[in-house]
Amino acid sequence: MNMEARIRGIGMTSQRTRLRLVDRLRASGIKDESVLQAMADVPRHCFVDEAMASRAYDDCSLPIGEGQTISQPYVVALMTELVVNSGLNGKKINKVLEIGTGSGYQAAVLSKLVPTVYTLERVRTLVHRAGDRLRQLGLRNIRTRYTDGVEGWSENGPFDAVIVTAAMETVPQALLGQVADGGVLVGPVGAQQGTQQLATMRCRAGQAPQLQKIEEVRFVPFLSGKC
Ligand code: SAH
């Protein structure tokens with residue numbers, strides 16, 4: 001089935017399934033109604049292989065090819081909540097940089113809540129597939145780029161928030177340097193095998209980033225180079 005047919009296929013069944021997922025996310029502790037709405041609006045089944053589509057609204061990560069995974073919906077919702085509520089004194093988040101486009105799903109959810117989303121991916125086939133998907137879904141406020149994300153995207157920075165969706169042993173300095181004064185970097189930090197700590201790092205000019213641990217997560221590794 002092509003993408004258009006799949007998008008048209010968002011009938012009552014998948015809408016109901018998505019609302020059930022939202023109920024589960026709420027029960028798991030996601031509170032921000034705008035985030036829950038974005039999770040209800042983005043058709044996750046369009047971001048996984050057709051063979052996996054029936055499991056798209058289970059709260060688990062799924063393979064997307066090239067040895068990579070689309071994150072568990074709960075983790076996507078949690079990271080989105082951390083990003084959109086990260087503005088100091090209720091400041092609105094206008095510009096976010098994501099490292100690790102993968103399927104494009106996290107970027108799509110963010111694009112419902114943030115005016116411009118920039119996203120970088122080191123695997124060519126994934127970034128092309130994600131770009132096509134996002135275009136077909138009419139999400140025009142997302143810019144994708146095929147590159148090693150370790151250097152960020154300085155031409156478009158600084159960003160109100162940077163979100164990293166791959167496990168970092170150490171947080172690349174260039175990424176911290178592209179967070180706006182008072183903004184945050186959100187991502188999993190720790191050993192690349194096993195589990196990591198999802199953390200936020202608040203960046204203020206002239207100060208060391210302030211780390212806050214959120215909870216244990218399991219991500220695929222942050223790798224260097226392109227392929
Ligand atoms: N956010 C994605 C899931 C991410 S899986 C989604 O919603 O589907 C992690 C992704 O990070 C993988 O696609 C992997 O290729 C990518 N990645 C790992 N290291 C990277 C790097 N240095 N630069 C850019 N992308 C990277």
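Structural remarks
- Per-residue ³J(HN,Hα) for the stretch 106-116, Karplus 6.51 cos²θ - 1.76 cosθ + 1.60, θ = phi - 60°, Hz, x for Gly and Pro: 4, 4, 5, 5, 4, 5, 6, 10, 10, x, 9
- Coupling constants for the stretch 51-65 follow from the phi torsions by the Karplus curve (6.51 cos²θ - 1.76 cosθ + 1.60, θ = phi - 60°), and in residue order they are 4, 9, 4, 5, 9, 4, 9, 6, 8, 8, 6, 9, x, 10, x Hz; glycine and proline get x.
- In this structure, the amide hydrogen of residue 159, modeled 1.01 Å from its nitrogen in the peptide plane, lies closer than 5 angstrom to those of 179, 180, counting only residues at least 5 positions away or on a different chain.
- For residue 91, the aspartates and glutamates whose Cα falls under 13 Å of its own Cα, not counting residues fewer than eight places away in the same chain, are 160, 181.
- Projected over all directions and averaged, the alpha-carbon convex hull of the chain occupies 11.5 nm².
- Spatial separation of Cα centroids for the stretch 194-227 and the stretch 125-171, in angstrom: 16
- Among the DSSP helices (H) of the chain, those spanning at least 15 angstrom by Cα along their long axis with an average Kyte-Doolittle hydropathy of 0.0 or more are 73-84; this is a geometric and hydropathy rule only.
- Look at the alpha carbon pairs under 8 Å that are at least 6 residues apart: their mean separation over the length of the chain gives a relative contact order of 15 percent.
- Across the stretch 22-104, C-alpha contacts under 8 Å between residues 6 or more apart give a mean separation that, scaled by the residue count, equals a relative contact order of 27 percent.
- Size of electric dipole in the stretch 61-217: Cβ of Lys, Arg +1 and of Asp, Glu -1, about Cα centre, debye, nearest 20: 500
- Amide H contacts of residue 62 (H built 1.01 Å from N, under 5 Å, at least 5 apart or other chain): 70
- In order along the stretch 192-197, the Karplus-derived 3J(HN,Hα) couplings, from 6.51 cos²θ - 1.76 cosθ + 1.60 at θ = phi - 60°, round to 6, 9, x, 9, 10, 9 Hz, and Gly and Pro are given as x.
- Amide H to amide H, with H built 1.01 Å from N, residue 98 comes under 5 Å of 118, 119, 120, 163, counting only residues 5 or more places away or on other chains.
- Under 20 Å of direct C-alpha separation, and excluding same-chain neighbours fewer than eight residues apart, residue 95 reaches these lysines: 112.
FYI, it's all coordinate maths here, none of it is from the lab. Predicted model, so just to flag it, every value in this text is computed and none were measured. Counting neighbours? That spans all protein chains shown, and the Cβs are built from the backbone with ideal geometry, glycine included.
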